[in-house]
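Enquirer: Sharing a structure below in structure tokens format, with a few things to ask.
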Amino acid sequence: MNLLYFTTSLLLVSSALCGVKDLLEHYENGNGVVGARGISPQNAERLQDDTVTNDLLPGGDDEEDYLDFDKIFGEDEDYTDIIDVLPEISNEKVPGNIYELFPGKTRIQRLNIINANFGFNLYRAIKENTNTTENILLAPVGVSTALAAVSMGTKGETRSQILSTLGFKDFINASSKYDISTIHEVFRKLTHRLFRRNFGYTLRAVNDLYIQKHFAIREDFQNNLKNYYFAETQIGDFEDKAFLSKINQRIQKLTKGLIKEALSNLSPDLLMLLANCIYFKGTWENKFPVEYTHNANFRVSDKEVVKVPMMKTKGNFLVAVDSELDCDVLQLPYVGNISMLIAMPHKLSGMKLLEKQLNSHVIEKWQKMMTNRTRDIYLPRFKLEKNYDLKNVLSNMGVKDVFTVTADFSGITNEDINIGLFQQQGSITVNEEGTQAASLTTVGFTPLSIQTRFMVDRPFLFFIYEHRTNCLIFCGRVANPSKS
């Protein structure tokens, strides 16, 4: 039995990362005008057609490492406006039915609703083995993409487990026009839509496929990976330290130094490595003036209070109160159509309920019920670095066979293989500039119309969403901002 490794700096190992630096100079044009939401109307349409790939490269460095998705897709390809008719749903309304969120949504948005629900389930699975005072960081879209890519090489029960755990069967059943190939087609178009440039932030994903020399991989699987997930293939020797060093250097470069030495102590039986790196860098619409940052108390638990650098800003922000889940919700927009959503329980003991009930229905209700008011916002500066081995987590969630001798990877090779490593490594920095990174009724929601201050001084959850596609890119828990 050989081992099939998917590691990432995250994607079968996905590498989800973020980081921050001074972005003002980067986003200014020759006239000193900030782009994205600040662009002139005449430039708006042109920017909609731009892609991401070389947006953040200082001095034109390493442009050959990134794909120009507009050239790949062509100008006329439709990837946003497909809204399919839903199947008829029983008159007996089932609370939390995922299809309640689908009407009026495009294929990409529907897939991302499914991906987000999987991400929340993955978060809960990781939380079960994590101390309540520990921080958590995930890139759900990285894990979903990795498993979707792997599923193309699986058959039988192995494939069925992946589709069920990710929620892809629900997606397929949403329309008579959908089948398994639709999933991969939508992931392909999501890549085109999501990872673009000149929207005021940079969001980039890079997939690489590394194959051990002499390992026989099916050509159709290799072609499909390239076609749907843009995974370029490189052949080498995983026992050669120089080859591993080359991979680590590439990952470090693609993540702007945020992920270092991603691969180490690999098994000599390694046959294939699928690496996915996700990089996000954004700047706040309302920056937090550095001169207002001060040391303040952050209550980690009933018995522990730590001093943290507390940032402060003032402006118009969307906020709501969920009285049913007993928490406050704040949306902090980045320049561009992307934002960080913060959910903070009123009581320390309330985090358990919030984490248990979290799903796409809750997120959508929060966003619908928010009101815009001028407020003082206090948010701790923090940096998280996490590395998760997801084998046991995914197995417990239902993706079992891929890690055992019963795995059916006959769509990849004739050899008996399984996944020996599924790792996600991530880093996110949030500072004054930005980030380098159940049916519920409306009765339980109350606008924070009276409050003039939003103080994040106790554990909270965060979610980074791209709004055009409804994509949950990063999520996590900050239980103690003084620790990574």
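Nothing in this text is a laboratory measurement; each read-out follows from the coordinates by a stated rule. None of the values given here were measured: they were computed from a predicted structure. Every residue, glycine among them, receives a Cβ derived from its backbone with ideal geometry; neighbour counts consider all protein chains shown.
Enquirer: Identify the trypsin sites (Lys or Arg not before Pro) of the range 245-343 meeting these criteria: DSSP loop state and at most 15 other C-beta atoms within 10 Å of the C-beta.
Expert: Of the trypsin sites (Lys or Arg not before Pro), the ones in loops of the range 245-343 whose Cβ has at most 15 other Cβ atoms within 10 Å are LYS260, LYS303.
Enquirer: Which pairs, out of LYS189/LYS226; LYS246/LYS281; LYS303/LYS386; LYS281/LYS352; LYS256/LYS312, put more than 19 Å between their alpha-carbon atoms?
Expert: The pairs that break the limit, which is 19 Å between Cα atoms, are LYS246/LYS281; LYS303/LYS386; LYS281/LYS352; LYS256/LYS312.
Enquirer: Would you mind putting 322-335, 466-479, 366-379 in packing order, based on average other-beta-carbon counts within 10 Å, highest first?
Expert: Put in order of decreasing packing, that is 466-479, 322-335, 366-379.
Enquirer: Please sort by residue number the trypsin sites (Lys or Arg not before Pro) in the range 200-233 whose DSSP state is loop and whose Cβ has at most 14 other Cβ atoms within 10 Å.
Expert: Hits after loop and neighbour filter: LYS213.
Enquirer: Okay, moving on. May I ask you to evaluate 6.51 cos²θ - 1.76 cosθ + 1.60, the Karplus curve with θ = phi - 60°, for each residue of the range 455-467 and list the ³J(HN,Hα) values in order in whole Hz, giving x for glycine and proline?
Expert: Coupling constants for the range 455-467: 9, 8, 10, 8, x, 8, 9, 9, 9, 9, 10, 9, 7 Hz.
Enquirer: Tell me which residues come under 5 Å, amide H to amide H, from ILE419 once H is placed; ignore anything under 5 positions away on its chain.
Expert: Result for ILE419 returns LEU4, PHE403, THR404.
Enquirer: Another question, then. Above 23 Å lies some portion of the pair distances; for the range 158-307, what is it as a whole percent of all C-alpha pairs?
Expert: Considering the range 158-307, 60 percent of its Cα-Cα pairs are separated by more than 23 Å.
Enquirer: May I pose another question? Can you compute the modelled spin-label distance between SER164 and ASN337, with each label point 7 Å from Cα toward Cβ, in nm?
Expert: 3.7 nm
Enquirer: Per residue, what volume in Å³ does the Cα convex hull of the range 215-292 take up? Could you put the intermediate results ahead of the total?
Expert: Working: hull volume 9.6 nm³, N = 78.
Spelled out: Cα convex hull of the range 215-292, divided by residues, is 124 Å³.
Enquirer: Under 8 Å for C-alpha pairs, at least 6 residues apart: give me the relative contact order for the range 175-278, rounded to a whole percent.
Expert: Normalised by residue count, the contact order of the range 175-278 is 32 percent.
Enquirer: With the dipole of the range 119-189 worked out from charges on the C-beta (+1 for Lys and Arg, -1 for Asp and Glu) around the Cα centre, which of TYR178, ASN121, ALA148 lies farthest toward the positive end?
Expert: Working it through, the farthest residue towards the positive pole turns out to be TYR178.
Enquirer: Which one, VAL329, SER395, PHE317, is farthest towards the positive end of the dipole of the range 310-409 when Lys and Arg carry +1 and Asp and Glu -1 on their Cβ?
Expert: PHE317
Enquirer: Any number yet on Rg/Rh for the range 306-352, C-alpha, Kirkwood? Could you put the intermediate results ahead of the total?
Expert: Numbers: Rg = 12.8 Å, Rh = 12.5 Å.
Checking Rg against Rh, the ratio lands at 1.02.
Enquirer: Return the FRET efficiency for the residue pair THR374, LYS303: r is the Cβ-Cβ distance, R0 is 41 Å, and the value is rounded to the nearest 0.05.
Expert: According to the calculation, E is roughly 0.70.
Enquirer: Still on this structure: Note the full-extension length gain between LYS177 and THR233 as 0.36 nm times their separation in residues minus their Cα-Cα distance, in nm to one decimal.
Expert: 17.0 nm
Enquirer: Further, regarding this structure: What ³J(HN,Hα) values, in whole Hz, does the Karplus curve 6.51 cos²θ - 1.76 cosθ + 1.60 give for the range 249-261 when θ = phi - 60°, with x put for Gly and Pro?
Expert: 5, 5, 4, 4, 5, 5, 9, 6, x, 6, 10, 10, 6
Enquirer: Amide H to amide H under 5 Å from ASN135: which residues, 5+ apart in sequence or cross-chain, H placed 1.01 Å off N in plane?
Expert: ALA479, ASN480
Enquirer: So what J values fall out for the range 326-333 if you push phi through Karplus, 6.51 cos²θ - 1.76 cosθ + 1.60 with θ = phi - 60°, rounded to Hz, Gly and Pro as x?
Expert: Going residue by residue, I get 6, 8, 9, 10, 10, 10, 10, x Hz, with x marking Gly and Pro.
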